[in-house]
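The values are calculated or read from the model by the stated rules, or taken from the named source; none is laboratory data. These numbers were taken from a predicted model, which means no experiment stands behind them. In this analysis, Cβ positions are derived from the backbone assuming ideal geometry, glycine residues included, and neighbour counts consider all displayed protein chains.
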Amino acid sequence: YALVILFVKDLYSRAALEANRALIGPETLLLSLQNGMGNEEIMREFAAPERILLGTTKHNCVTREAGVIYHSGAGITHLGSPAGNRAAAETVAALFNGCGLEADVIDSVKHLLWEKLFVNMTINPLTALTDAPIGAIATDPNLRELARALIDEATAVAAADGEQFDAQTVFSALLRTAETLSTGKASMCQDLERKRRTEIDFINGAVVRLGQKYHVPTPRHEVIVSLVHAKEG
């Protein structure tokens, strides 16, 4: 195949690629539009770095029941090549746009993934651990304080990873997102309700791993990972 898109939860990436290895040839492009960080390393087990694309999408879906998926929101898809293969990214973006799915190519794909991670590493675990709606991140003073502490740790790790962010700007953007999605329920919260494993190791766990790599302490993220695993049972 010319293009294989990886949409599964991060913890199933390797199994999904292994089960569909026959679809992947030397010229196949692999595109991940997943939540966390760490998928690129797994994808490199199945394709050369220049054949790997990463990105984010504003499209949103909700599982209504087994086999029934509701497309609940549309928006732009940003994608890019960590290895600098802009031509490959432009080919896929053109394919998306030709199908009526708005897409563009960005050069700073790692920066984009960090921006998405800041949202996922706060909203997902904090609301999952407290069984709260997303808006609680903005309205509950305890969750606000913890969210800011998580952002402080993560922006320090991001800086060590070569991506500069202002912690207050990130925090303000998070609060706006929480207010916009105030009555929504985060996917990790739904996973715990249904006794499913979560993506915590690819979200807050990714911050912990990178912190260890760059010798940046991440004690709050470590606690969050442990608490979510404990609640998973």
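Within the stretch 147-159, does at least one residue satisfy the condition of being surrounded by fewer than 18 Cβ atoms within 10 Å (Cβ to Cβ), without any contact (Cβ under 8 Å) to a residue 60 or more places away in the chain, closer than 25 Å to SER32 by Cα and not hydroxyl-bearing (Ser, Thr, Tyr)? So far as the stretch 147-159 goes, yes, one or more of its residues are surrounded by fewer than 18 Cβ atoms within 10 Å (Cβ to Cβ), without any contact (Cβ under 8 Å) to a residue 60 or more places away in the chain, closer than 25 Å to SER32 by Cα and not hydroxyl-bearing (Ser, Thr, Tyr).
Taking ILE76, is it touching a Lys or Arg at 6+ places or on another chain (Cβ under 8 Å) and within 24 Å of ASN204 (Cβ to Cβ)? Here the answer is no, as ILE76 does not meet what is asked.
Only residues that are crowded, with 19+ Cβ neighbours inside 10 Å and not in a helix (DSSP H, G or I) were counted in the stretch 1-37, giving 10.
For the stretch 162-196: of the residues being at pLDDT 95 or above and not in a helix (DSSP H, G or I), which is surrounded by the most Cβ atoms within 10 Å (Cβ to Cβ)? The residue in question is PHE165. Pairs are defined by a Cβ separation below 6 Å, a sequence spacing of at least 6 or placement on different chains, a first member in the stretch 4-28 that is under 22 Å from ASN60 (Cβ atoms), and a second member that is assigned to a helix (DSSP H, G or I) and among the small types (Gly, Ala, Ser); the pairs so defined are VAL8/ALA16.
Evaluated against (1) crowded, with 18+ Cβ neighbours inside 10 Å; (2) within 14 Å of the chain's Cα centre (by Cα); (3) in a helix (DSSP H, G or I); (4) not aliphatic (A, V, I, L, M), HIS111 falls short on exactly one condition, (1). Looking across the stretch 144-178, the residues that are under 17 Å from the mean Cα position of the chain (by Cα) and among the charged types (D, E, K, R) come down to ASP161, GLU163. ASP104 falls short on exactly one of the conditions (1) without any contact (Cβ under 8 Å) to a residue 12 or more places away in the chain; (2) in a strand (DSSP E or B); (3) over 27 Å from ARG197 (Cβ atoms), and that condition is (1).
Against the condition aliphatic (A, V, I, L, M) and touching a strand residue (DSSP E or B) at 6+ places or on another chain (Cβ under 9 Å), how does LEU11 come out, does it pass?
Answer is no for this residue.
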